[in-house]
Ligand code: LAN
């Protein structure tokens, strides 16, 4: 019962309806940048309004600008309705915008940094954030780590603070319920380390209650196995500014609100708390990765060191960390790699350079890139969007459609987006700042964001090749730019044959012993992933088809090594574990698509076992469904209701493998047709993305992209029948 309620949270009616006139919010797009603006009623501009309504239509269920379409009786009709709806949502700059919320620890960073740096949150935004948090409060009064999670101390404490900062009084019923939930767990003291960090910044908690963040780690020699530069980029870019703030021992001055928050959240008076005893306390609701003995030992040593850290050495470390932070700000146009380091870097900039510094102003301008006005209120997206990822997939879905010629305009616009989002240069002195080459790669979101990802480069390259070689655009990418992408991919392959996310793997798996996050799994280094490997080699296969002579041997070798890597990590039940989508259906789809592209067929045992795995999990209604518990427990967890997105992934995989029993595929297709809405959209069901095992993230366009793709493939395969 409990889990079903949380899984269907997004499908339920909102507790609180809009607090602003949603018709007046417009989504301004510019080269992928998405900013929501509340227009004055009088200055309504019809052009931007239509664009905004389109971009938000699938999230604002009550804006029904899309009429019902003729009922679909065949898969071809369903496909055409699906494209009719979703094609209209393409933004003027060629991408598809969407809600990329999910994690519940992002807005608190926003609220705390805005408060500490004395920035004003606009009234409409303030209201919509409050609405979001009201809608996402769980029935027991807390908040979870992500939108479908049960309550955690992390989520509850931080979102409580967010509500209070945004003006909700302590005696509000929502606040009272949250406090009661926390009080039953001894208050906020057992919050995980990232929470301790934010509380210490806000001066509700003492830095003595945090384990040392040891900024000097960056000064260790480069060969040192635990050097900061070896960390996974997302971990490194969050750890570095955290360690800087810690090293500065920055705390906001106590004011009335902070004093009240201390009284509301701490079980004892601030001065009476034995802070050192709190360092390793983590609530059981929150704990995912317990401290290893190695980390405990390391912390013991760091905490002793902290008491006698030589000034000059600390200053040197902090200066160097700050320089690296500045490089991150500049390389990413102040967007930063993600919302967590964005807000901490902004705080660092304010502490170091003050509110009037031009760099701080640039930071402020880019905060809005993360804010998304969704159906349930305003939230912070997990990145500055998923623009490239969604666009590249949709191009590939559409190309398999027999009626693709009808969508030339869509392809041409998408191609323009691929064109403007490819990263064309390496950042200046990138190696000095622990960065790798970026020239030729594609990012997950936008070019301004400045980080490339292996599988985004793979999907971007595939989409660009499609637009170019099917003559679907007037301005195809030059060969030289495609070569750049291939050069980059060849350089990113690990010796294992696998691909990691943004960089090659730089550290040993033993690094994971020092995972101090407590709430995430496998974050310390960049691992090989089935998704990243599959996308990368698929792109190389496609490239080789059109350019058989370019670095031919190396390309072939990379493809073979990638395929070997993928087969080597198949699980004994025939599946692959997806790490960025939920979960085994996602991983297995990537693996099958990759292997078949390289030449594997249903005759190969590994493909047969993978198909058997999928078929075994088909539901009676023809669909498939997995819950996020598949990711946290790392074993298949069946969803009580079939899910459109899981079904589409399973179908794509089975069709790619030419699974011989057609009835299985047909029942899946029927399920997709049954779930389609009258306007061609599909309903938003349970969350379907994940990161670091324990946090889920929304991919709101997946419910359209993947059914369209599966229907295209089905339609194409059945034309001759
Ligand atoms: C993402 C989003 C995209 C995703 C894919 C490209 C889909 C994947 O195949 C490779 C990994 C990558 C790039 C990825 C890594 C982790 C991210 C950046 C996220 C899941 C989006 C949000 C998450 C980030 C770490 C969340 C911010 C919070 C922290 C813990 C720093």
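The values are calculated or read from the model by the stated rules, or taken from the named source; none is laboratory data. The structure presented is a predicted model; accordingly, all values stated were derived computationally and were not measured. Glycine also receives a Cβ, built like all others from the backbone with ideal geometry; neighbour counts cover every protein chain displayed.
Listed by position, the helices (runs of 4 or more DSSP H) inside region 185-276 whose residues that are within 16 Å of the ligand (Cβ to nearest atom), under 27 Å from the mean Cα position of the chain (by Cα) and under 30 Å from residue 525 (Cα atoms) number at least 3 are 193-201, 233-248. Regarding region 362-379, can at least one residue be identified that is out of contact with any helix residue (DSSP H, G or I) (no Cβ under 6 Å at 6 or more places or on another chain), within 16 Å of residue 326 (Cα to Cα) and touching a residue at least 60 places away in the same chain (Cβ under 8 Å)? Within region 362-379, one or more residues are out of contact with any helix residue (DSSP H, G or I) (no Cβ under 6 Å at 6 or more places or on another chain), within 16 Å of residue 326 (Cα to Cα) and touching a residue at least 60 places away in the same chain (Cβ under 8 Å).
In region 370-413, which residue that is in contact with a strand residue (DSSP E or B) (Cβ under 7 Å, 6 or more places away or on another chain) and part of a helix (DSSP H, G or I) is surrounded by the most Cβ atoms within 10 Å (Cβ to Cβ)? Taking the candidates together, the pick is 391. Do the conditions hold for residue 698, that is, is it within 20 Å of the chain's Cα centre (by Cα) and within 16 Å of the ligand (Cβ to nearest atom)? Here the answer is yes, as residue 698 does meet what is asked.
Condition test on residue 300, is it touching a helix residue (DSSP H, G or I) at 6+ places or on another chain (Cβ under 6 Å) and part of a helix (DSSP H, G or I)? No, not satisfied. Among all residues of region 534-541, there is none that is buried (at least 24 other Cβ atoms within 10 Å of the Cβ), modelled with pLDDT of 95 or more, touching a helix residue (DSSP H, G or I) at 6+ places or on another chain (Cβ under 6 Å) and part of a loop (DSSP other than H, G, I, E, B).
Just checking, how many residues over region 428-445 are away from the ligand (no atom under 13 Å from the Cβ) and within 26 Å of the chain's Cα centre (by Cα)?
Qualifying residue count, region 428-445: 10.
A residue that is out of contact with any strand residue (DSSP E or B) (no Cβ under 6 Å at 6 or more places or on another chain), in contact (Cβ under 8 Å) with a residue 60 or more places away in the chain, away from the ligand (no atom under 16 Å from the Cβ) and not in a loop (DSSP other than H, G, I, E, B) can be found somewhere in region 597-609. Of the candidates 544, 560, the single residue that is more than 25 Å from the chain's Cα centre (by Cα), over 21 Å from residue 441 (Cα atoms), more than 16 Å from the ligand (Cβ to nearest atom) and surrounded by fewer than 23 Cβ atoms within 10 Å (Cβ to Cβ) is 560. Among the residues examined, residue 479 does not qualify as touching a helix residue (DSSP H, G or I) at 6+ places or on another chain (Cβ under 8 Å) and over 13 Å from residue 539 (Cα atoms).
When you check residue 437 against the structure, is it at pLDDT 95 or above and touching a strand residue (DSSP E or B) at 6+ places or on another chain (Cβ under 8 Å), yes or no? When the stated conditions are applied, residue 437 does not pass them.
Here's a check for you: in region 489-504, which residue that is in contact with a strand residue (DSSP E or B) (Cβ under 9 Å, 6 or more places away or on another chain) and part of a helix (DSSP H, G or I) is nearest to the ligand (Cβ to nearest atom)? Once the filter is applied, the top-ranked residue is 492.
For region 570-596, filtering for residues that are touching a residue at least 24 places away in the same chain (Cβ under 8 Å), away from the ligand (no atom under 15 Å from the Cβ) and assigned to a loop (DSSP other than H, G, I, E, B) leaves 4.
Per-residue answers, yes or no, for (1) surrounded by 22 or more Cβ atoms within 10 Å (Cβ to Cβ); (2) more than 14 Å from the ligand (Cβ to nearest atom); (3) at pLDDT below 95; (4) not in a loop (DSSP other than H, G, I, E, B):
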site: 416; (1), (2), (3), (4): no, yes, no, yes
site: 420; (1), (2), (3), (4): no, yes, no, yes
site: 458; (1), (2), (3), (4): yes, no, no, yes
site: 466; (1), (2), (3), (4): yes, yes, no, yes
site: 483; (1), (2), (3), (4): no, yes, no, yes
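Scanning region 682-695 for residues being away from the ligand (no atom under 16 Å from the Cβ) and surrounded by fewer than 22 Cβ atoms within 10 Å (Cβ to Cβ) gives a total of 3. Of the residues examined, residue 111 is not one that is at pLDDT below 95 and closer than 27 Å to residue 628 by Cβ. Residue 448 - would you say it is surrounded by fewer than 22 Cβ atoms within 10 Å (Cβ to Cβ) and either assigned to a helix (DSSP H, G or I) or within 15 Å of the ligand (Cβ to nearest atom) (or both)? Judged against the criteria, residue 448 is a match.
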